[in-house]
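K.L.:
The structure under discussion is supplied below as structure tokens; questions concerning it will follow.
No value in this document is a laboratory result; all are computed from the given coordinates. If you're wondering where the values come from, they're calculated on a predicted model, not measured in any experiment. Reconstructed Cβ throughout: ideal geometry from the backbone, glycine too, with neighbour counts over all protein chains shown.
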Amino acid sequence: MTRQQENLFEQITARKKELAGKVLILCHHYQHEDVFQFADLTGDSLKLAREAAEAGEYPYIIFCGVHFMAESADILKADDQAVILPDLNAGCPMADMATVDQVAAAWQELADVCGAQRVVPVTYVNSSARIKAFVGNLGGSVCTSSNAERVLAWALARGEKVFFFPDEHLGRNSSKALGIADDEIVVWRRGEKLGGNSAAQLAGAKTILWNGYCHVHQEFLVRQIREWRKKAPDVRIIVHPESPWEVVRAADFYGSTERIIDAVRQSPPGSTWAIGTEVNLVNRLKKQHGDKHIDLLAPTPCTCATMSCITPVNLLWVLDNLAQGKVVNQIRVDAETAAGAKLALDRMLEI
Ligand code: SF4
């Protein structure tokens, strides 16, 4: 650690102490250790948003994650709490692949062909508050990477088809897990008429998947799994369901970040793991489980570049401002959007 870093970390610690009882710092699992070390709560996006809402006594919630996560926290928080994102550039490229205008236009096209009452919209939690509101107002639900199959099954029991945004891979992996046939899963390609499908294809589909993706989890390949198995025959491969279907099929296990953490924690000492998810989480698991052999599945560092926008420097800047009574970079979801999004979030919790 350089002297400069040491200085920075000392200043953050001092500010945290000064603002004790007022500020709650939330860190997503993919956050770099330099920031993660200051977390009061850690977890995946929804767990953090819910826990922050339960910790209603803190007036300021600093969310060290990306934009849609801070929006979810703002929707679930108490009225007198403020949610802050230390860098407004910390967005999620996958969430940005489905704007509400694009989705509304696609929904209309689909409704003209199939009839809107036969389609149930489902959005992954990694989406904007406006998309969640769109889905909520149309009777649909949010899902997470750990309950996507359950939510999809619920949606299929309510309608004949599901329109799923924005992650094609999570949608396909969940559809396959429910036993939906390949010709009943179609991809809606953004910008193409009828998403690049014929009316007959859409009529025969059970799940229609928006073609968004996470660039981090797309970096994992079947070839890497083969190489690992050759190199370490006893390796256990676990990947996140934002990875392509071929990769999920070739792995030993798949699951959300929380499931990956549990699987590694519960494995016996000496286990060898190759993990297909963001590098900061893999590095942390490596450090926490010195009695196990843990590595990233891919040879290249798979980093969520936008999550990395949050640094100790902008965390300190936020804290310095709060110490002077100023709230900077507050994330606010307007009341109408928040109400619609909450419908979709509440529906998921009921499911
Ligand atoms: S890891 Fe992927 S899905 Fe998660 S925030 Fe980064 S880009 Fe978005």
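K.L.:
Report the relative contact order of the stretch 192-351, percent, no decimals, based on alpha-carbon pairs under 8 angstrom and at least 6 residues apart.
P.N.:
It rounds to 18 percent for the stretch 192-351.
K.L.:
While we're on this one: For the chain, modelled as a GNM with alpha-carbon contacts under 10 angstrom, which of 230, 132, 206 fluctuates the most?
P.N.:
Result: 230 has the largest fluctuation of those listed.
K.L.:
Restricting to Cα atoms and excluding each atom paired with itself, what does the Kirkwood estimate give for the chain in Å?
P.N.:
Evaluated over the chain, this radius sits at 21.1 Å.
K.L.:
Return the distance in nm (one decimal) between the two label points of a simple spin-label model at residue 288 and residue 117, each offset 7 Å from Cα along Cα→Cβ.
P.N.:
Taking the two extended label points, one gets 4.9 nm.
K.L.:
Would you order 308, 72, 198 from fewest to most other beta-carbon atoms within 10 Å of each residue's own beta-carbon?
P.N.:
198, 308, 72
K.L.:
Relative contact order of the chain: what whole-number percent is it, with Cα pairs under 8 angstrom and at least 6 residues apart?
P.N.:
Relative contact order comes out at 22 percent.
K.L.:
Also, I was wondering about something else. In the structure shown, do any of 176/287; 17/292; 17/326; 17/342; 132/286; 231/287 have a Cα-Cα gap over 25 Å, and if so which?
P.N.:
Table pairs above 25 Å Cα-Cα are 176/287; 17/292; 17/342; 132/286.
K.L.:
Mind listing P(r) for the stretch 217-296? All alpha-carbon pairs, 10 Å bins, whole percents.
P.N.:
20, 57, 22, 0
K.L.:
Given Cα positions, please report Rg to Rh for the stretch 95-214, the hydrodynamic radius being the Kirkwood one.
P.N.:
Radius of gyration relative to Kirkwood radius: 0.91.
K.L.:
Which of these, 58, 213, 30, has the largest mean-square fluctuation under a Gaussian network model of the chain (Cα springs below 10 Å)?
P.N.:
Sorting by GNM fluctuation, first place goes to 58.
K.L.:
Here's a follow-up. Counting residues in the stretch 248-338 as N, plug N into 2.2 N^0.38 Å and put the Cα Rg over that result.
P.N.:
1.52
K.L.:
Residues of the stretch 261-285 with amide nitrogen under 15 Å from the 7 Å Cα-to-Cβ point of residue 234?
P.N.:
267-274
K.L.:
Roughly speaking, what % of Cα-Cα pairs in the stretch 1-55 are separated by over 18 Å, rounded to a whole number?
P.N.:
Of the Cα pairs, 40 percent sit more than 18 Å apart.
K.L.:
So for the pair residue 55, residue 183, with labels modelled 7 Å out along Cα→Cβ, what separation do we get in nm?
P.N.:
5.3
K.L.:
Once both labels are modelled 7 Å past Cα along the beta-carbon direction, what's the residue 350-residue 7 spacing in nm?
P.N.:
According to this spin-label approximation, the distance is 5.6 nm.
K.L.:
While we're here: Given the rule -39500 (n - 2.57) for each run of at least 4 DSSP H residues, summed and divided by the residues of the chain, what is its mean residue ellipticity at 222 nm, to the nearest 500 deg cm²/dmol?
P.N.:
Value at 222 nm, helices only: -13500 deg cm²/dmol.
K.L.:
In addition: Based on the Cβ-Cβ distance from residue 150 to residue 20, what FRET efficiency comes out when R0 is 35 Å, to the nearest 0.05?
P.N.:
Computed FRET efficiency for residue 150 and residue 20 comes out at 0.35.
K.L.:
Above 14 angstrom, tally the Cα pairs of the stretch 122-192 and express them as a % of all pairs, no decimals.
P.N.:
Everything past 14 Å amounts to 56 percent.
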